[in-house]
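Everything below concerns the one structure shown next.
The values are calculated or read from the model by the stated rules, or taken from the named source; none is laboratory data. Quick caveat: nothing in here was measured; it's all calculated off a predicted structure. Using ideal geometry, Cβ is built from the backbone for each residue, glycine included, and neighbour counts are taken over all protein chains shown.
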Amino acid sequence: MGRVATVNQIIPFSCVDGPGSRLVIFLQGCNFNCKNCHNPYTIDMCDSCGDCVATCPVNALSLNLDKQGKSKIVWDSDKCTQCDICLSTCPKQSSPKIRQYSVEQMLELIRRQVHFINGITVSGGEATLQLPFIIELFQAIKASDDLSHLSCMIDSNGYLTEGGWQQVMPYLDGAMIDLKSWQEHTHRYITGRDNHRVFSSLKLLAAEGKLYEIRLLYIPKISDIDSEVNAIAGYLTQLPDSVRVKLNAFQHHGVTGEARLWDTCSEQQMLELAARLTERGVGNLVLPNVYL
Amino acid sequence: MTVKNRLAQITRDPNLSPKQKSNFLALEAEASLPYMAISDAVSEAKNSGIICDMFEGNAPFKPRYVLPDYAKFLQNGSEYLELSPAQDLDEALNALTIIYHHVPSVTNIPVYLGQLDDILLPFCQGLEPEAIYRKLKLFWIMLDRTLPDAFMHVNIGPTDNIVCRTILRVDAELKQIAPNLTFMYDPEITPDELLQVAASNICECSKPHIANYPLHANSFDDKGFGIVSCYNSLPLAGGANTLVRLNLKQVALKASSVGDFFTQVLPHYCQLTYELIDARAKFLHEESNFFNSFLVKEGLIEESRFAPMFGIYGMAEAVNILQGSPDFNEDNIDKPSSHYGHNAAANALGHKISKALDGIVKSTQVKYGYNGLALLHSQGGISIDKDVTPGVRIPYGTEPNPIAHIQALAEHHQYYTSGISDILTIDETVKANPQAMMQLCKGALSLGFREFTANVASNDLVRVTGYMIKLSDIASFKAEGSRTNTTWLGAEAAQNTKILERQPRVVAHEHTPAYSK
């Protein structure tokens, strides 16, 4: 029996998580604690406290005892209507709607969609917290005649160590990495962590030809994407030309806490930022489709 | 209303062009003739909405769809039209422009314009690509402006050639509703790169439809086939003499059990459908004198290549009724769902109905058919249909994700020789990623889809990286300002979220067939 992953959600057909159509696996758990997180219920692991059970209107949640006698939340996805009351009940902002998948189960699921997809992407939460599972899954895909044509991508906050990246590198086709701020203190303010390892990851992946996309989140007056535009443009132009530079506009949807008081990024602001980056020689810019 | 009053109303209608008025007046005139002789049982089934003659008229004097052999026409010219064989691209386009006005159909406008890349390619030798582009672009504009009907249908592919590529280029540039366009795809012949051009076009303008060429070609003989109007596959140099459709929802309502449906009720109404088909075909072939036309005399069509289309619709409702499932709506999201499109047993029952229909159609001889048979057709609906879903489709607004959607319906496609369409709704994120559209198309065709059709729309449900969001939630969320509690996650939002109804609507695929006011 191989590794098991804790999964928040699987989307069978996505057009926005890497090249072509992709099956996307959102793993539960994150080591950043971004004030602006759009899906905070993916950050913490459910500790089976049971508070959500009583509030579920369709009894899709129950508290059972596992073999070791520990209590455990069981989620019945067939009954669930996705009303998400459990998410607002949870004192940890976690989600009880998680599921364990073995590598074999995941492969079976991928095989059911294989004609429709160009590859798979693991995302999160922070996918790389479950790196051993990812490695086994990617390895198995690359070793299967019927799946080896699928590209294997990781969508990450970039906090994985160099050693970690090296382990997955032989099976990795590309990565999408978030750069949430240029200055270390700003990054720490937003995410709770420094950004040195993010830069190391970007450097390593770029050198290996596996940096598919760098994502910049523009939060007006909070992130320093605009005030540091010269430095950022200088950095981006050093990256290989093939790297897509995706600009994300901060919005309030899903956000809880103080970040709800921050200004959102308008289309106009985004276009101005894009123009300034273009002026400074940054190519391959990808702008948001919608501003919500 | 008396006939006289209706005629007066049509002539005075401020919203119709003179040509449209002429058409409706002609329909009224035809409707004033006595209906062909049919039995009381057929008449009753017709009046109660179980069988529908598609408003083709009381005295059908033209076939529903006609697919002339345009290659032959360009090669031979036409004595009737006083045209000599075409010598170059200009002459070919001019000759086609002329003949299109002499090709009838149920809409009075041709529904088939030909396999244009095949028939025009011989006239493009020695022409610069830009010259071909300019000529085809003018031709395309002419088609849209003079034959304003989106049922008018051009076929291209599966080979890679300059005309095919130029038509794709022109079509994406002009984004006209007419002509409709089908690109034939054959994995053995069509390069991926060309399919990618077609898939990118879908993201631009929701055209072309992508047809499973080997599957269609194997359903017809060596003389070939064409795809006309909206997803009707028919023999080339022939066509459909009539289309009669059966409302499976109404049939299911007459059945006392699933067994009764299969052994008694369905065969009974199929037999009545055939009675109507025979009556209509008989009038067209024996009394209307249509087959004395120059199209026949000059060998552009052959009477023996016309077949009736046996259409069905309302499969979704029929299955749900037979299974005793309650209506599917946002107040009643039973989980796990027992509904058609969402439940394995429901889907299997649907496949079984299609198979039974296939058995009936393949074993029932008709006097005027293709090899003596009618062709089974999954009918795309007309604008008067209420509370009944076209063909074998999953009801609008209740569609699962595109892959589950395809998987639920693929098995039907083998049975519907004269066409079936399932329209997949893909959210707008695909626009920035046409490769995903192509892969979805390939997946659908490899599972046995006859034709891949996608609507790219701004769904209310939008996928943003990492999560799904609902646009309407966000609108109300923004309007409510900076409330600190996460109401958008709460019960109220869940109750008010008519998420199941929010798939973009797909408009009916035939005009209002008669004047209605």
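Residues in the stretch A:86-123 that are over 19 Å from residue A:141 (Cβ atoms), among the small types (Gly, Ala, Ser) and in contact (Cβ under 8 Å) with a residue 24 or more places away in the chain: A:94, A:95.
Each residue in the stretch A:77-100 was checked for being among the basic types (Lys, Arg) and more than 14 Å from chain B (Cβ to nearest Cβ), and 2 of them qualify. Of the candidates A:29, A:69, the single residue that is more than 30 Å from residue B:444 (Cβ to Cβ), modelled with pLDDT under 90 and away from chain B (no Cβ under 11 Å) is A:69.
Of the strands (runs of 3 or more DSSP E) that lie entirely inside the stretch B:284-400, those containing 3 or more residues that are under 20 Å from the mean Cα position of the chain (by Cα), under 25 Å from residue B:223 (Cα atoms) and of a type outside the set (S, T, N, Q) span B:306-313, B:375-378.
Results for (1) closer than 27 Å to residue A:87 by Cβ; (2) at pLDDT below 95; (3) surrounded by fewer than 20 Cβ atoms within 10 Å (Cβ to Cβ); (4) in contact with a Gly (Cβ under 8 Å, 6 or more places away or on another chain), shown as yes or no for each residue.
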| residue | (1), (2), (3), (4) |
| --- | --- |
| A:232 | no, no, no, no |
| A:235 | no, no, yes, no |
| A:244 | no, no, yes, no |
| A:255 | yes, yes, no, no |
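Contact map, the stretch B:281-309: residues that are more than 22 Å from residue B:71 (Cβ to Cβ) paired with residues that are basic (Lys, Arg) and not in a loop (DSSP other than H, G, I, E, B), Cβ distance under 9 Å, separation 6+ or inter-chain. Pairs shown: B:281/B:367; B:282/B:367; B:285/B:367; B:308/B:280; B:309/B:245. When the stretch B:198-216 is filtered for residues that are outside any loop (DSSP other than H, G, I, E, B), under 18 Å from the mean Cα position of the chain (by Cα) and either over 24 Å from residue B:418 (Cα atoms) or at pLDDT below 95 (or both), the ones remaining, listed by number, are B:202, B:205, B:209. In the stretch B:401-458, the residue that is modelled with the lowest pLDDT out of those that are more than 14 Å from every other protein chain (Cβ to nearest Cβ) and part of a strand (DSSP E or B) is B:455.
Note on the stretch B:246-270: residues that are in contact (Cβ under 8 Å) with a residue 60 or more places away in the chain and either in a helix (DSSP H, G or I) or assigned by TED's automatic domain parsing to the domain that holds residue B:102 (or both) amount to 14.
For every residue, the table says whether it meets (1) over 19 Å from residue B:298 (Cα atoms); (2) in contact with a helix residue (DSSP H, G or I) (Cβ under 6 Å, 6 or more places away or on another chain); (3) of a type outside the set (Phe, Trp, Tyr).
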| position | (1), (2), (3) |
| --- | --- |
| B:74 | no, yes, yes |
| B:77 | no, no, yes |
| B:93 | yes, yes, yes |
| B:107 | yes, no, yes |
| B:110 | no, yes, yes |
| B:116 | yes, no, yes |
| B:123 | yes, yes, no |
| B:126 | yes, no, yes |
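Could you check the stretch A:257-288 and list, in sequence order, the residues that are surrounded by 17 or more Cβ atoms within 10 Å (Cβ to Cβ) and part of a helix (DSSP H, G or I)? Across the stretch A:257-288, the qualifying residues are A:259, A:269, A:270, A:273, A:274, A:277. Residues in the stretch A:228-276 that are among the β-branched types (Val, Ile, Thr) and within 11 Å of another protein chain (Cβ to nearest Cβ): 3 in all. From the list A:16, A:4, A:74, A:58, the one residue that fits, being within 12 Å of another protein chain (Cβ to nearest Cβ), surrounded by fewer than 19 Cβ atoms within 10 Å (Cβ to Cβ) and of a type outside the set (Phe, Trp, Tyr), is A:58. Residues that are under 17 Å from residue B:271 (Cβ atoms) and in contact (Cβ under 8 Å) with a residue 40 or more places away in the chain within the stretch B:37-63 comprise B:37, B:38, B:39, B:41, B:42, B:45, B:46, B:48, B:50, B:51, B:52, B:53, listed in sequence order. Residue A:198 passes every criterion in (1) aliphatic (A, V, I, L, M); (2) touching a His at 6+ places or on another chain (Cβ under 9 Å); (3) within 26 Å of residue A:290 (Cβ to Cβ) apart from (3).
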